[in-house]
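Only the coordinates and a few stated rules stand behind these numbers; no lab work does. This one's a predicted model, so the numbers in the text were calculated from it and none came from an experiment. A quick note on method: Cβ atoms are made from the backbone with ideal geometry, for glycine too, and the neighbour counts reach across all protein chains shown.
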Amino acid sequence: MAYEHSFGQLMLKQRPLFILKGVLILYKGIPNNKRIHKRGRFMKNKFTLIATAAMGLESIVAKEVKALGYEDVLVENGKVIYETDSLGIARSNLWLRTADRVKLLVGEFDARTYDELFEKTKALPWEKYIPEDGEFPVIGKSHKSTLYSVPDCQSIVKKAIVERLKQKHGVARWLKETGALHRIEVALLKDKVTLTLDTSGSGLHKRGYRVGQGEAPLKETLAAALVQLTNWTPDKTFYDIFCGSGTIPIEAALIGQNIAPGFNREFAFENWDFIPSTVHEQALEEAEDMANYDQPLDIYGTDISHKLIGIAKENAMEAGLGDLVTWKQMQATDFHTKETGGYIVSNPPYGERLGDRKEVESMYRELGKALQQYPTWSVYILTANEEFEKLFGKEASKKRKLFNGFIRTDYYQYFGTR
Ligand SMILES: C[S@@+](CC[C@H](N)C(=O)[O-])C[C@H]1O[C@@H](n2cnc3c(N)ncnc32)[C@H](O)[C@@H]1O
């Protein structure tokens, strides 16, 4: 199979193939890959993976990991820990919609002195992972730990690994580091050291379809989480009435047709010697089989800005969605529909800048009035404006605290009547 960098080209090439195969594809929704993989039971090369997650998204990432068939999942602050084989590394990177990165755990230990950090790092089997010419920059973080100087921790870890690799690979002078990238992280939390290798490369939010963006685009991982936090199913009408560059409708369409979000990008693990070269291909083939291009969708993205509607269209094209999503310039308060039981999932402006506040607040009031005509519709709004319910004129059925980057927001959820 040929892999181009343009998501659009690849999908357009493959879409006819799927239409032919459509009768065989019975899947809907997120992959219930358990039908194919009961991983964990028959694993040869076991790896412990850490899927990192933005604060508040851990349980959604854990649900996705379990949907991939990995059952023993441990959820901690900002991370989801589980075991897989090498195919699981490829599948996790390809499928996890809401995780930031997938890291491979090399070792964990307590350290309160630099000597301890050095010796315990050196005792780990780095040669299993990093070849003689491998490049291995070390990044770090430290929280509530005796060893608080991050640059010092990074350089101690680097020295320890250099010494180990020189010994094990029989290199007398220096390591060239001209080969594949193996980015290492040393993370200290309450004197516990965790050493990982980053299997993803660039963050998983980089799906490869964003060719343009507006002022405040939503991260693709958060957009996917917003969709997955609703009980929307692909047979229902879906609107984002503040769509900007189109992230939420595009993520909804990918979810709706069960398309793996990492289908057209590269990952660091693809260049690693200890991962069989076939696993990425195998995971991609599985993703092809799981995609349901026959699933009809009724997804709309609207925004007040003509320019952003143009950008959203380009992004959707790049994502290989063609004209699956309907894009339209529209004032949100002009929302009209004859459909019942649809979904609105939106990230409107928050009115944080002084001059914008009044305008945004009066728009929220108008929006409340416009949407109250559609009681069967479920409405989901992400905003940092704490007065939202008052302005919108209705108490939310449910609220969830989420972070949009560093901004603390609430996800206001209004369930439609049946
Ligand atoms: C926070 S941005 C949404 C970003 C989007 N989720 C993305 O990923 O690109 C808010 C959007 O609301 C749009 N907007 C502001 N006022 C509007 C209104 N009254 N009606 C419709 N859209 C509006 C802006 O043009 C902007 O694109």
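Give the stretch 224-267 a look and list any residue that's in a loop (DSSP other than H, G, I, E, B), away from the ligand (no atom under 14 Å from the Cβ) and small (Gly, Ala, Ser), or say none.
Narrowing the stretch 224-267 to residues in a loop (DSSP other than H, G, I, E, B): 229-237, 241-246, 257-267.
So of that shortlist, the ones also away from the ligand (no atom under 14 Å from the Cβ) come out as 229-237, 257-267.
ALA260, GLY262 - these are the residues of the stretch 224-267 that are in a loop (DSSP other than H, G, I, E, B), away from the ligand (no atom under 14 Å from the Cβ) and small (Gly, Ala, Ser).
Mind checking whether some residue in the stretch 298-310 is within 29 Å of the chain's Cα centre (by Cα), charged (D, E, K, R) and more than 12 Å from the ligand (Cβ to nearest atom)? Talk me through it step by step, then tell me what you get.
Here is the first cut: in the stretch 298-310, the residues within 29 Å of the chain's Cα centre (by Cα) are 298-310.
Imposing the further condition that a residue be charged (D, E, K, R) reduces the set to 298, 303, 307.
In the following step, the residues that additionally are more than 12 Å from the ligand (Cβ to nearest atom) were identified as 298.
Within the stretch 298-310, one or more residues are within 29 Å of the chain's Cα centre (by Cα), charged (D, E, K, R) and more than 12 Å from the ligand (Cβ to nearest atom).
Do we find that THR221 is of a type in the set (Ser, Thr, Tyr) and part of a loop (DSSP other than H, G, I, E, B) in this structure?
So THR221 fails the test.
Which residue pairs have Cβ atoms closer than 6 Å, lie 6 or more positions apart in sequence or on different chains, and pair a first residue in the stretch 363-383 that is more than 16 Å from the ligand (Cβ to nearest atom) with a second residue that is among the polar types (S, T, N, Q)?
The qualifying pairs are PRO375/THR417; THR376/THR340; THR376/THR417.
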